[in-house]
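Colleague: Shown below is the structure under consideration.
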Amino acid sequence: MSKSKPESSFIKVKCDECGNEQTVFDKPSRNVLCLVCDRLLVESTGGKGKINVEKI
Ligand SMILES: [Zn+2]
């Protein structure tokens, strides 16, 4: 990926368990869970989060 983008941003993801669409920070300081079903959507890694579900 060589496109220049802001250092950090918000992304929209879709939970694959319940279909909930949620806006999340792409560098979360803690794990991000689905607000509906508590599935782990984005894992905190200290840098760019590891996204476990589909980006939309
Ligand atoms: Zn969910």
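The values are calculated or read from the model by the stated rules, or taken from the named source; none is laboratory data. All values derive from a computational prediction rather than experimental measurement. Cβ sites come from the backbone with ideal geometry, for glycine too, and all protein chains shown count toward neighbours. Note: areas computed on protein heavy atoms with side chains; ligands, DNA, RNA excluded. Shrake-Rupley method; radii C 1.70, N 1.55, O 1.52, S 1.80 Å.
Colleague: Any idea what the dipole of the chain comes to, in debye rounded to 20, about its Cα centre with Lys/Arg Cβ at +1 and Asp/Glu Cβ at -1?
Modeller: 280
Colleague: Measuring with a 1.4 Å probe in the full set of protein chains, what accessible area per residue, in whole Å², belongs to segment 10-55?
Modeller: Spelled out: the 1.4 Å probe surface of segment 10-55, per residue, equals 65 Å².
Colleague: Quick one: compute the contact order of the chain, relative version, from alpha carbon pairs under 8 angstrom and 6+ residues apart, as a percent.
Modeller: That works out to 31 percent.
Colleague: Would you list Lys27, Lys12 from the most to the least accessible area, probe 1.4 Å?
Modeller: Largest to smallest exposure gives the sequence Lys12, Lys27.
Colleague: Still on this structure, please answer the following. How would Arg39, Arg30 rank on accessible area, largest to smallest, probe 1.4 Å?
Modeller: The ranking, largest first, comes out as Arg30, Arg39.
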